[in-house]
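What follows is a set of notes on a single structure, which appears directly below.
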Amino acid sequence: MKRFFLQHFPTILFIVILLILFKTWFLPGVLTGGDMPYYFPELMKSVPFLSSWDIRSLGMGSSMLPTLWLQMYTTATLKVFSFLPWDMYVRIVWFFPYLLFGTLSMYFLSKKYMSSHVLSLFSSFLYVANTYALLLVGGGQMGIALSYSFAPFSLLALENLLNTLSLKNAVIFSVVYSVVIILDIRIAYLMAIIFFIRFLFSFQEICTKNFRHFVMLFIVIVFIILGLHAFWLLPTLLTRGKAIQQFGDIYTTTGAVQFFSFAKLENSMGLLHPNWPENIFGKVAFMRPEFLLLPLLAFISLFFVSRKTNTSEEKKEKKFVLFFTLLGVVGIFLAKGANDPFGSVYLWLFTHIPGFIMFRDPTKWYILIAFAYALLIPFGCRKIFQLLQKNTKRIKYTSIIFILLLIVLIAFLEKPLFTARVHGTFMTRTVPQGYMNLKNYLNNNTSFSRTLWVPVAQRFAFSSYQHPVVSGQDFYHTASLSGVLDNLTKLKADSLLRDSGIAYVVVPYDSEKEIFLSDRKYDDIIYKKTVQQVKAIPWLREISGFGNVRVFALTGAKDHFWLASQGTIQTKVVSPTEYVIRVSGVAKGEKLIFAETFDNFWYIKTDQIQGQKSIAYQNILNSFLLPKNGTYTVTISYLPQMWVSVGLWISVITSLLATIFFFRFK
């Protein structure tokens, strides 16, 4: 037993440290925080597979095409694990895979370069537990985090392809990289840059081997990736990327880049996220100088690379160090965004380089630094250790002291996590009873109705396809509580709410202290004043029974579909992108109002009309002109969903062909 323990001590130590750091994930309780939502069981069971429209998104519904790549994983896993409670689902589908993929992917990638078990474990730890990665998972950005954790597998697949130009390795690379794309397209973009830099380091060697063969394999890779992602590429191309416009200028202007450039040069050099450890948006912490030890340990590797290389091993080491050093330098420069020095370069790239528009938050470039440091630091430490061995007689004690110093350094850098200063998904939560009561109340109401939350929806707000949640800030296109309240108290404000199907106005109980803030701290006075102002609105009536969740009813709210003047309608919901409507007693030219955000890809179809597009009603909602008098049935559909279905068949066929290839040429 003692021999086994000593032999596997590094692995045991690695697992113990990870269990301590991520202990909350292994304890009972709800994990939610930042961008990680909370789904009640009723919603988990009703989420449709790969829908191009979500009636619960951005207030009154929106196109899901800009994030349809991630919906593949999200909706598929919800279908498979809908029988689980939310706290178990997020652990099995998001958090545990992050640890599993992150550690294994970087471990095997490091093994490819350094062939050392201990150093590979060290690389894995640096990769999954640096401040950037910890704030990703702590902030609930699990799509990005999972793509980040899987990304080293794609670089490993590329290394195998460059070493052996075979069809088998090309297919493996295509499939692995496609997984990275599905989880987050921004990480995939960054990996493409890493691939390009890596390709440049092997360009001469590839040309010597067989450049024509490489080009043919590259074409195969492109076709496989396009085929696997046809389910979202096809509708996005056919709509010409129009869906991205719904997010406004905040995603596309250089002003947004300057605002989100929180990291400075010293932050990016130290792989220190500017919001570490509180992870409060806009609150930039002071630079911690101990983090500058990381670039020192990483770039000291350059001193161990000789200019003249004689053996193949020396050439391999030189290429390795230069490649990841270049990667680290590029990441350090870009991660600081518009900040000095030469911040205008980033703004120029953002404006002129295709795809850069996805990086209004420059900290996404930290992934390049994480890759570089996770591999260069263990390499540099190994070289330092070898140097100490040559110049120190007491080798045994030197190795122990060296390992202990590394452990102390890691513990010091990760101190906020050990002392529970990092919140988000590193804390378990419970759902307040008031939100449970509201969920039960709405579930007992079978008619369609929306709830407007002032100023925004709380994370435990119950949302379903029968009772969608509407954030006040999204609905009124304002970023402040005062802006929401001003709109609510305007003349005829109730008419807009009724037309939109809003039957309830809710002031949330801020149990997580993240809504009613003053100078980034919870302020109960703001909550109480908001309740009083909403309570004073004459056309609202408060309903009791929800504790500190204050619920107000609005009478006369209209249905999901309604007629502008006369007639009756019956609605059958086929899916969130298709409805069958039976209208009775209507006159020709009557307006059928569809209470969703206006999008001209919604269209109506009858026996007389084939594809009449939606017309904006009050510049907010969708409407359709009915073609004749009397009683008849119409179908209202969202056109991109048809292209999603076609693209999905292409993706399925491509997947089957790739699978057949593996079985045929295993």
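Points to keep in mind about this one:
- Charging the Cβ of each Asp and Glu at -1 and of each Lys and Arg at +1, and nothing else, the dipole of the chain about its Cα centre rounds to 1780 debye.
- Sequence-distant contacts, meaning Cα pairs under 8 Å at least 6 residues apart, place the relative contact order of region 517-636 at 21 percent.
- Options 117, 39, 105, ranked by Cα towards positive dipole end of region 1-159, top entry (Cβ charges): 117
- Fully extended contour minus Cα-Cα distance, from residue 415 to residue 259, at 0.36 nm per residue: 53.3 nm
- Sum of -39500 (n - 2.57) over DSSP H runs of 4+, divided by residues of the chain (222 nm, nearest 500): -16000 deg cm²/dmol
- Rounded to the nearest 20, the size of the Cβ-charge dipole of region 496-535 about its Cα centre is 160 debye, with Lys and Arg at +1 and Asp and Glu at -1.
- Take every Cα pair under 8 Å whose residues are at least 6 apart in sequence, average their separation, divide by the length of the chain, and the relative contact order is 15 percent.
- Within region 305-395, chymotrypsin sites (Phe, Trp or Tyr not before Pro) in DSSP loop having at most 15 other beta-carbon neighbours inside 10 Å: 342
- In a DSSP loop and with at most 14 other Cβ atoms within 10 Å, the chymotrypsin sites (Phe, Trp or Tyr not before Pro) in region 76-124 are 83.
- Per-residue packing, averaged as other Cβ atoms within 10 Å, sorts the ranges 48-56, 525-533 into the order 48-56, 525-533, beginning with the highest.
- Shape of region 406-535, Cα gyration tensor, a/c cut at 1.5: prolate
- Accessible-area ranking of 505, 179, largest first, probe 1.4 Å: 179, 505
- Cα gyration tensor shape of region 551-651, rounded if a/c is under 1.5, else prolate or oblate by comparing a/b with b/c: oblate
- Under the criterion of Cα pairs below 8 Å and six or more residues apart, the relative contact order for region 490-585 equals 28 percent.
- Each Lys and Arg Cβ is given +1 and each Asp and Glu Cβ -1; about its Cα centre, region 545-619 then shows a dipole of about 120 debye.
- Pairs of lysines in region 528-632 (C-alpha under 25 Å apart; 8 or more residues apart or interchain): 21
- Anisotropy class of region 1-119 from Cα gyration tensor, a/c 1.5 cut: prolate
- Angle in degrees between helix 68-81 and the longest Cα principal axis of the chain, rounded to the nearest 10: 80 degrees
- Residues of type lysines that residue 264 reaches as a straight line, Cα spacing below 16 Å, ignoring anything fewer than 8 places off in the same chain: 283, 336, 364
- Cα-based helix-to-principal-axis angle, 433-443 vs the chain, degrees rounded to 10: 50 degrees
- What separates the Cα centres of region 447-474 and region 60-75 is a distance of 18 Å.
- For residue 502, residues with placed amide H under 5 Å, excluding near neighbours: 450, 558
- With the charge dipole of region 417-566 set up from +1 on Lys and Arg Cβ and -1 on Asp and Glu Cβ about the Cα centre, the Cα lying farthest toward the positive end among the listed residues 532, 451, 548 is that of 548.
- Cβ-defined net charge surrounding residue 197, 14 Å radius [Lys, Arg +1; Asp, Glu -1]: +1
- Sites matching trypsin sites (Lys or Arg not before Pro) across region 302-353 that sit in DSSP coil, with at most 16 neighbouring C-beta atoms within 10 Å: 307, 308
- Cross-link partners of residue 45 among lysines, defined as those whose alpha carbon lies under 18 angstrom from its own and excluding same-chain residues fewer than eight positions apart: 79, 439.
- Here's the list of lysines a cross-link from residue 315 could span, going by alpha-carbon distance under 26 Å and ignoring same-chain residues fewer than 8 apart: 111, 112, 209, 383, 390.
The values are calculated or read from the model by the stated rules, or taken from the named source; none is laboratory data. In this text, all values refer to a predicted model and were calculated from it rather than measured experimentally. Methodologically, a virtual Cβ is constructed for each residue, glycine included, from the backbone with ideal geometry; neighbour enumeration extends over all protein chains shown. Note: accessible area is taken over every heavy atom of the protein model, side chains too, but ligands, DNA and RNA are not part of it. Shrake-Rupley method; radii C 1.70, N 1.55, O 1.52, S 1.80 Å.
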